[in-house]
Amino acid sequence: MAIISISRASCSGGKYIAEHVAERLGYECISREILIEASGQFNVPEIQLAKAIHDGPSFFEKLTHGKEKYIAYVRAALLNYIKKDNVVYHGLAGHFFLQGISHALKVRTIADFESRVQEEIVRENVTATVARKLLLNDDEAGKKWTQHLYGMDQNDPELYDLILNLKQITIEDCVSAICHTASLKSFATTEDSRRILDNITLSANAKALIVDKYHDAIVSADSGVVDIQIPKTVPNKSAIISEIEKKVGSYEGVKSVNIQVTEEITPRSLMYMSR
């Protein structure tokens, strides 16, 4: 039993590979379903969520932190969904959202640019010049997104457990390689890995509850105990602490809430760690 996340640039075969991996393993294959789930749970239009986890941040979004809010919603929805295991996710940002979960196999598929151009020509019915421009814009948006939120390069191999180059092997071999890797003991669900997933999921849900007002809060969880760090610069600290305790404390699975006011917070917005 495992969770598989397949990340890819546009026109890199990720959707086809994900569907065939899921079929061979008997897993559920999900992508847009997570956006629909988050849209319903947090009452945000699906298109806004899709843009938040795809496009680079605009100047206005950097000021309002709207992108961080929507991404927190999607992350919470994904983690809630995958807790049942046996899932292949090929939506955006899975390689970030599933960090720290040992039974989550994070795969990256890559393809040479000209092959991607040819696929884009067919998919969008455009000229080669337009296809190249669309792909370059898409790649640049992804680069800005990861830099803004994480200070990281989405092509960093440290983010993935398995990287497959479609220039070297066939799609069918990619499917076989992923299925074989997912079956290894290293990616089996254990009591400890499930506990970590529960902690990460609870912290993500707690963050989603307060991100609208406190986008820079750092949230972690351990066995129902939620720790939240907020910056010292926030006004009316006692009122804020009371509000957060009431909102997070009433969430299912939360046993207690500890709030700490700190001198400075410089987080990577979504990389909440569990103890």
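Helix 113-124 axis versus longest C-alpha principal axis of the chain: approximately 90°, rounded to the nearest ten.
Near SER7, the amide H atoms lying under 5 Å from its own belong to VAL107, ARG108, THR109; only residues 5 or more places off or on other chains count, and H is placed 1.01 Å from N. Given a 1.4 Å probe and the protein chains as shown, ASP222 ends up with an accessible area of around 40 Å².
Roughly to the nearest percent, how much of the accessible area of the chain is carbon and sulfur, given a 1.4 Å probe? Ligands and nucleic acids excluded, carbon and sulfur give 51 percent.
In order along the range 125-137, phi translates into HN-Hα couplings of 6, 10, 6, 4, 4, 5, 4, 4, 5, 4, 5, 5, 5 Hz, rounded to whole numbers, per the Karplus curve 6.51 cos²θ - 1.76 cosθ + 1.60 with θ = phi - 60° and x for Gly and Pro.
Computed from label points 7 Å out along Cα-Cβ, the spacing between LEU184 and LYS246 is 5.1 nm. Taken one residue at a time, the phi angles of the range 238-244 give Karplus couplings (6.51, -1.76, 1.60, θ = phi - 60°) of 5, 5, 5, 4, 5, 5, 5 Hz. Gly and Pro are set to x.
In the chain, excluding the sites themselves, the longest stretch lacking any of the GluC sites (Glu not before Pro) that are in a DSSP loop with at most 14 other Cβ atoms within 10 Å is 1-251. Excluding same-chain neighbours fewer than eight residues apart, the aspartates and glutamates reachable from LYS144 by a Cα-Cα span under 15 Å are ASP55, GLU61, GLU68, ASP153, ASP156. Across the alpha-carbon atoms of the chain, the computed radius of gyration and Dmax are 19.4, 60 angstrom. Residue-wise HN-Hα couplings along the range 218-223, as the Karplus relation 6.51 cos²θ - 1.76 cosθ + 1.60 with θ = phi - 60° gives them from phi, are 9, 10, 9, 8, 8, 6 Hz; Gly and Pro carry x. In this calculation the C-beta distance from GLN260 to ASN165 is compared with R0 = 41 Å, giving a FRET efficiency of 0.35.
Based on C-alpha pairs under 8 angstrom that are at least 6 apart in sequence, the range 173-267 has a relative contact order of 26 percent. Across the chain, the mean sequence separation of Cα contacts (distance under 8 Å, 6 or more residues apart), normalised by length, yields a relative contact order of 24 percent.
Once you have the Kirkwood Rh of the range 69-147 from its Cα pairs, apply Stokes-Einstein at 4 °C and 1.567 mPa s and quote D in µm²/s. The Stokes-Einstein estimate is 87 µm²/s.
The long axis of helix 32-42 is offset from the longest Cα principal axis of the chain by roughly 20 degrees. Kirkwood Rh over alpha-carbon pairs of the range 147-233, then Stokes-Einstein at 4 °C and 1.567 mPa s: what D in µm² s⁻¹, rounded to an integer? Value of D from the Cα-based Kirkwood radius: 79 µm²/s. For the pair GLU19 and ARG123, label points projected 7 Å from Cα toward Cβ lie 1.3 nm apart. Using the 2.2 N^0.38 Å rule of thumb for compact globular proteins, work out how the range 76-202 stacks up: its C-alpha Rg over that value, please. The value comes to 1.21. Each of HIS215, HIS95 has its accessible area taken with a 1.4 Å probe; listed largest first, they run HIS215, HIS95. Helix 14-25 and the long axis of the chain differ in direction by around 90°, with both axes built from C-alpha atoms.
The values are calculated or read from the model by the stated rules, or taken from the named source; none is laboratory data. This one's a predicted model, so the numbers in the text were calculated from it and none came from an experiment. A quick note on method: Cβ atoms are made from the backbone with ideal geometry, for glycine too, and the neighbour counts reach across all protein chains shown. Please note that ligands, DNA and RNA were not included when accessible areas were found on the heavy atoms of the full protein model with its side chains. Shrake-Rupley method; radii C 1.70, N 1.55, O 1.52, S 1.80 Å.
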